[in-house]
Amino acid sequence: RKEVEQDPGPFNVPEGATVAFNCTYSNSASQSFFWYRQDCRKEPKLLMSVYSSGNEDGRFTAQLNRASQYISLLIRDSKLSDSATYLCVVNIGPWGGATNKLIFGTGTLLAVQP
Amino acid sequence: GAVVSQHPSRVICKSGTSVKIECRSLDFQATTMFWYRQFPKQSLMLMATSNEGSKATYEQGVEKDKFLINHASLTLSTLTVTSAHPEDSSFYICSARAREGRIDYGYTFGSGTRLTVV
């Protein structure tokens with residue numbers, strides 16, 4: 001079983017639509033959680049961190065359910081520029097420790113259509 | 001902000017040759033650097049973790065003699081793909097944990113190196 005699992009998509013949605021991505025992780029000792037965005041042939045860039053209380057940044061809302069080991073990302077009012085691959089990322093190991101590292105999901109491809 | 005500069009961005013080499021990829025932290029000291037590999041339509045897979053002044057820790061299935069990592073200073077880590085073969089063609093990305101005093105900038109990524117072995 002993969003450590004971080006995502007639906008690979010693609011998700012093809014019209015502009016203005018709301019789209020939700022889900023992610024599950026297997027390591028219950030995971031420390032922190034993130035959503036990254038990766039454009040084609042580019043490095044991943046941090047979109048937002050994910051907290052148990054849920055957090056929102058403009059049109060983006062992230063949620064974490066530690067009991068279910070489940071993470072979600074909601075994008076409202078999709079823009080053409082949102083087209084990218086969204087990576088669910090889990091940080092394992094003690095923060096600041098030698099074994100701390102990021103584990104990436106396979107990513108979910110989003111294509112926003114005009 | 002924290003910046004990691006990665007070079008080259010793209011390299012084409014002949015089968016059997018070696019290729020060196022450099023990652024430099026420009027405005028912070030990177031005690032730990034992570035090296036990832038990404039094949040088409042797949043996610044980033046962690047290859048190894050390097051700590052300044054010590055041997056790198058390789059993930060299971062990654063050959064340490066083929067992927068040589070050197071982290072000789074707090075601002076430079078290198079990955080050398082030795083005796084490269086076409087199956088080594090991939091997108092290689094480095095990442096560093098950026099901290100300045102008490103400020104933790106989290107993980108910063110280099111822009112990646114697209115390696116094609118012909």
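The values are calculated or read from the model by the stated rules, or taken from the named source; none is laboratory data. Quantities reported herein were computed from a predicted structural model and do not represent experimental measurements. When we count neighbours, we look across all protein chains shown, and the Cβ atoms used for this are built from the backbone with ideal geometry, even at glycine. Just so you know, the surface numbers come from the protein's heavy atoms only, side chains and all, with ligands and any DNA or RNA stripped out. Shrake-Rupley method; radii C 1.70, N 1.55, O 1.52, S 1.80 Å.
Details
- Members of the stretch A:13-54 that are farther than 17 Å from B:S95 by Cβ, open to solvent by less than 40 Å² (accessible area, probe 1.4 Å) and in contact with a Leu (Cβ under 9 Å, 6 or more places away or on another chain): A:V13, A:V19, A:F21, A:C23, A:M48, A:V50, A:G54
- In the stretch A:58-98, residue most open to solvent (accessible area, probe 1.4 Å) [restricted to those that are under 15 Å from A:Y25 (Cα atoms) and assigned to a loop (DSSP other than H, G, I, E, B)]: A:R66
- Number of positions in the stretch B:91-114 that are at pLDDT 90 or above and either open to solvent by 40 Å² or more (accessible area, probe 1.4 Å) or in a loop (DSSP other than H, G, I, E, B) (or both): 4
- Applying the set (1) under 13 Å from the mean Cα position of the chain (by Cα); (2) of a type outside the set (S, T, N, Q); (3) more than 21 Å from A:Q113 (Cβ to Cβ) to A:L74 leaves exactly one unmet item: (3).
- Residue check for B:A30: open to solvent by less than 50 Å² (accessible area, probe 1.4 Å) and within 22 Å of A:N91 (Cα to Cα): yes
- If you go through the stretch B:33-90 and keep only what is open to solvent by 10 Å² or more (accessible area, probe 1.4 Å), within 24 Å of A:L109 (Cα to Cα) and either assigned to a strand (DSSP E or B) or more than 14 Å from every other protein chain (Cβ to nearest Cβ) (or both), you end up with B:R37, B:Q38, B:M45, B:L46.
- Scanning the stretch A:51-100 for residues that are within 24 Å of A:A17 (Cβ to Cβ), within 13 Å of chain B (Cβ to nearest Cβ) and among the hydrophobic types (A, V, I, L, M, F, W, C) yields A:L87, A:C88.
- Candidates A:A20, A:A67, filtered to the one that is of a type outside the set (V, I, T) and modelled with pLDDT of 95 or more: A:A20
- Of the residues making up the stretch B:69-82, those that are more than 17 Å from B:T32 (Cβ to Cβ) and more than 10 Å from the chain's Cα centre (by Cα) are B:V81, B:T82.
- Looking only at residues of the stretch A:3-12 that are within 14 Å of chain B (Cβ to nearest Cβ) and open to solvent by 60 Å² or more (accessible area, probe 1.4 Å), we find that the one that is farthest from A:T108 (Cα to Cα) is A:E3.
- Taken across the stretch B:70-89, residues that are out of contact with any Leu (no Cβ under 8 Å at 6 or more places or on another chain), of a type in the set (D, E) and farther than 16 Å from B:P8 by Cα do occur, with at least one present.
- Selection of the stretch A:56-83 for residues being hydrophobic (A, V, I, L, M, F, W, C) and without any contact (Cβ under 8 Å) to a residue 12 or more places away in the chain yields only A:A67.
- Count of the stretch B:6-31 residues, restricted to those that are under 11 Å from the mean Cα position of the chain (by Cα) and within 12 Å of another protein chain (Cβ to nearest Cβ), is 2.
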